[in-house]
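Accompanying notes for the structure given below.
The values are calculated or read from the model by the stated rules, or taken from the named source; none is laboratory data. Since the structure is predicted, the reported quantities are computational estimates derived from the model, not experimental observations. Positions of Cβ are backbone-derived with ideal geometry, glycine not excepted, and every protein chain shown enters the neighbour counts. Areas reflect the complete protein model, heavy atoms only, side chains present, ligands, DNA and RNA absent. Shrake-Rupley method; radii C 1.70, N 1.55, O 1.52, S 1.80 Å.
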Amino acid sequence: MKKLSLIGFLGISFFAFSQNVKPADDRTKDEKALLVKTDQSELEAKKKAAEEKTRLPKPYDPNADAEKDIQNLIAKAKKENKNIMIQAGGNWCIWCLRFNQFVQTTPELKKLVDANYEYYHLNYSPDNKNEKIFAKFGNPGDKFGYPVFIVLDKNGKMIHVQQSDVLEEGKGYSLEKVKEFFSHGLQKIIINPGHFRLIFS
């Protein structure tokens with residue numbers, strides 16, 4: 001009787017186990033379906049990003065004489081007693097376009113910029129890398145990516161370089177952090193994980 005019970009138990013266990021284990025072909029199908037779903041999600045995200053990029057204004061001019069433009073801005077900054085904010089990047093960079101749009105469509109940010117800075121979009125793209133100018137500023141894009149911000153005083157002296165990823169929030173930028181950055185463009189910004197603060201020099 002014990003022998004029969006044991007055989008019966010093993011038989012039921014094997015049946016239950018076999019019901020839970022999918023054949024290799026089924027597992028392969030599931031994995032393929034998951035990959036297709038992931039690929040579709042990535043394609044959808046890329047499509048949305050491309051559509052967004054198409055809609056956003058393009059502030060960078062690859063044909064501009066950046067060196068001449070910045071010299072003109074320095075002369076203007078001296079007269080108006082302002083600093084110069086250089087936003088380096090290109091029209092290929094969606095985060096560069098997002099930042100420009102964010103500033104232009106947020107009244108308190110635009111007011112801060114207009115009151116305190118001469119603003120310039122320094123182009124970096126395959127057709128014009130502006131290598132000479134970027135080299136003068138230490139090639140910050142190589143270290144921080146784009147956009148990257150170069151702050152000059154009214155005499156054209158570089159006083160700060162700011163990476164942009166710490167200003168991000170979700171698919172855009174943090175109003176509080178950008179406003180603080182613009183409000184204290186003369187100061188050194190110290191970024192710690194989970195913490196954003198200004199150190200006054």
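One table, with the values for the structure above:
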{"quantity": "Flag if F102 is of a type in the set (F, W, Y), farther than 24 Å from T54 by Cβ and in contact with a strand residue (DSSP E or B) (Cβ under 6 Å, 6 or more places away or on another chain)", "calculated": "no"}
{"quantity": "Residue check for Q104: under 17 Å from K177 (Cβ atoms) and in contact with a helix residue (DSSP H, G or I) (Cβ under 7 Å, 6 or more places away or on another chain)", "calculated": "no"}
{"quantity": "Of residues in segment 71-92 being touching a helix residue (DSSP H, G or I) at 6+ places or on another chain (Cβ under 9 Å) and open to solvent by less than 10 Å² (accessible area, probe 1.4 Å), the one nearest to K179 (Cα to Cα)", "calculated": "M85"}
{"quantity": "Residues of segment 141-151 satisfying the condition of being over 17 Å from P59 (Cβ atoms) and open to solvent by 10 Å² or more (accessible area, probe 1.4 Å)", "calculated": "D142, K143, F144, G145"}
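This table checks each residue for (1) closer than 30 Å to K79 by Cβ; (2) touching a residue at least 24 places away in the same chain (Cβ under 8 Å); (3) buried (at least 18 other Cβ atoms within 10 Å of the Cβ).
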| residue | (1), (2), (3) |
| --- | --- |
| I94 | no, yes, no |
| D114 | yes, no, no |
| Y117 | yes, yes, yes |
| F137 | yes, yes, no |
| D153 | yes, yes, no |
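Let's see how each residue does on (1) closer than 20 Å to M158 by Cβ; (2) touching a Ser or Thr at 6+ places or on another chain (Cβ under 9 Å); (3) modelled with pLDDT of 95 or more:
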| site | (1), (2), (3) |
| --- | --- |
| A49 | no, no, no |
| R55 | no, no, yes |
| A77 | yes, no, yes |
| E80 | yes, no, yes |
| L97 | no, no, yes |
| Q101 | no, no, yes |
| K111 | no, no, yes |
